[in-house]
Amino acid sequence: MKPNFLLGIAVATALLAAVGGVSAQAPQAKQAATGQTSGPASAQVHSFTLANGMALWVKPDRRAPTAVHMVWVRVGSMDEVDGTSGVAHVLEHMLFKGTPNLAAGEFSRRVAALGGRENAFTSKDYTGYYQQIPSSQLEAVMRLEADRFANNQWPDAEFAKELEVVKEERRLRTDDNPRAQLHEMLAATALSASPYRRPIVGWMSDLEAMTAQDARDFYRKWYTPANAVVVVAGDVDPLQVKALAEKYYGVMPARPLAERKPQQEPAQQGLRRFEFKAPAEQSYVALAFKVPRLASLEVTPEHDDALALTVLAAVLDGYSGARLERTLTQGEPRLADSVGAHNGLMGRGPQFFYLEGVPAPGQTPEALEAALRGQIQRVATAGVTDAELQRVKTQWVASEIYKLDSVFNQARELGVAWTLGLPADHGAQLIQRLRQVTPSQVQAVAQKYFGDDSLTVATLRPQAVSGQPRAKRVIPGARH
């Protein structure tokens, strides 16, 4: 799938995992329990801190009688340890499997009966749970979510059954997908110490060895009020939401946060390269350059470079007919069937600038790799035009406006911000900073970050398909 440069702004990640982590004393945790609104760009966002340390962010939007209720926990695959990879994601599944008050699956049935929809997601940086419901049913889902956050429990037999669902999810999404396998190995090759090197779904050997107690221990360690935020957006009154949050979430006992030890990635000392052989119709090449991340909205040289790299990715691949598509997939000789560029920008851990492509028939991965790097060199030598920058900046502003049409996206953006230690109005601040990026800054980062010492190259070598492919199946109860 062609990378979207807006993902670098909206998620981190989706999309998004990390060395160094975010301090437990994130800026929002210091706000008064009486509540504060963010700066002028997001004055509608009201933030509170409950007595037990749990955060609450509320954003009213009264255009429709609906609301989105989310709980975000600042824990993801980066908080696992070797041997238990995948446990954060498995635990996400287990949150649907019961409490002393609810049988397995009853949570979802009750939300559906309220006229809502619900699901959950796990990333390297965080785990999130959401319900989208008529605003009149907000109290009902807050009662349900608070119950499972504080009182999740299930028998070992239920865990064993759900673990098989996760294993099948890994088979369907990774083991049967050569490019997904390649990117899994790319992270494991490019990173040595960072927990980002492990896949979110987990290595199959770790899933095979995982026990119910592994998930319970992870739950007790990380699912504490001070490590979570409740986000509510939609047709709601902030003070009424605060009262409900105190009623259902505020009664949870406070517990200290687990210590997060720094896991700094050592400096890379030379180019890393590997080949991946798998049954496939076409070859494929991916280049991952280590680049700085935007760890906060403070103005620093590294943060300015992270923003300029995001602009560079947009110039290369941010719109139809951008540089990579125009120069590498069109005309004769045509080098590629598809190409892409993406900058990670934000996350709790190290980020990469990716270049990728599928060689056209008769072309080699090596030729495409050289051409992709050549496009970076072209920017380093000749720079970019004001017109190119204006085009991508206009798209960013438009995307921020359109994003407000979705209450779900408003809530999601707030959850991502909290887990990364950013203010509620980080989207508006980012746009303001990105609009100030100059052509000379883009040229400077093209000159600075694309040498061999920061690069890992992965090449997919297609192999003939032997035998019949594994029959795919969907196990009832899969969350995703």
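Structural remarks
- Scanning region 406-439 for residues that are touching a Lys or Arg at 6+ places or on another chain (Cβ under 9 Å), surrounded by fewer than 18 Cβ atoms within 10 Å (Cβ to Cβ) and closer than 13 Å to D61 by Cβ yields S406, N409.
- Failed condition for E162, given (1) over 20 Å from the mean Cα position of the chain (by Cα); (2) open to solvent by 30 Å² or more (accessible area, probe 1.4 Å); (3) acidic (D, E): (2)
- Of all residues in region 305-345 being among the polar types (S, T, N, Q) and within 17 Å of W396 (Cβ to Cβ), the one that is surrounded by the fewest Cβ atoms within 10 Å (Cβ to Cβ): S320
- Taken over region 46-68, the criterion of being hydrophobic (A, V, I, L, M, F, W, C) and either at pLDDT below 95 or in a strand (DSSP E or B) (or both) is satisfied by F48, A55, L56, W57, V58, A64, A67, V68.
- Restricting attention to region 98-129, the residues that are open to solvent by less than 30 Å² (accessible area, probe 1.4 Å) and either at negative phi or assigned to a helix (DSSP H, G or I) (or both) total 14.
- Region 350-362, subset closer than 16 Å to L324 by Cα and not β-branched (V, I, T), residue surrounded by the fewest Cβ atoms within 10 Å (Cβ to Cβ): A360
One line per residue, one yes/no per condition, for (1) surrounded by fewer than 21 Cβ atoms within 10 Å (Cβ to Cβ); (2) modelled with pLDDT of 95 or more; (3) in contact with a Lys or Arg (Cβ under 9 Å, 6 or more places away or on another chain):
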| position | (1), (2), (3) |
| --- | --- |
| R171 | yes, yes, yes |
| T174 | yes, yes, no |
| A180 | yes, yes, yes |
| P199 | no, yes, yes |
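- Verdict on A286 being part of a strand (DSSP E or B) and either under 17 Å from S454 (Cβ atoms) or open to solvent by less than 30 Å² (accessible area, probe 1.4 Å) (or both): yes
- Members of region 215-242 that are under 15 Å from V75 (Cα atoms) and open to solvent by 40 Å² or more (accessible area, probe 1.4 Å): R216, D217, R220, K221
- Some residue of region 293-304 being surrounded by fewer than 24 Cβ atoms within 10 Å (Cβ to Cβ) and in contact with a Phe, Trp or Tyr (Cβ under 8 Å, 6 or more places away or on another chain): no
- Considering region 78-95, and only residues there that are among the β-branched types (V, I, T) and assigned to a loop (DSSP other than H, G, I, E, B), the residue that is surrounded by the fewest Cβ atoms within 10 Å (Cβ to Cβ) turns out to be V81.
- Per-region count, region 141-151, residues over 27 Å from T211 (Cα atoms) and open to solvent by less than 20 Å² (accessible area, probe 1.4 Å): 2
- For region 130-140, the set of residues classified as open to solvent by less than 50 Å² (accessible area, probe 1.4 Å) and either within 18 Å of W72 (Cβ to Cβ) or of a type in the set (D, E) (or both) consists of Y130, Q131, Q132, I133, L138, listed by residue number.
- Among residues of region 149-160, those that are touching a Lys or Arg at 6+ places or on another chain (Cβ under 9 Å) and in a helix (DSSP H, G or I), counted: 2
- Residue ranges of helices (runs of 4 or more DSSP H) in region 365-480 with at least 3 members more than 27 Å from the chain's Cα centre (by Cα) and modelled with pLDDT of 95 or more: 365-382, 439-448
- L207 vs. criteria of a type outside the set (K, R) and open to solvent by less than 20 Å² (accessible area, probe 1.4 Å): yes
The values are calculated or read from the model by the stated rules, or taken from the named source; none is laboratory data. Being a predicted model, the structure only gives us computed values, none of them experimental. Methodologically, a virtual Cβ is constructed for each residue, glycine included, from the backbone with ideal geometry; neighbour enumeration extends over all protein chains shown. Areas reflect the complete protein model, heavy atoms only, side chains present, ligands, DNA and RNA absent. Shrake-Rupley method; radii C 1.70, N 1.55, O 1.52, S 1.80 Å.
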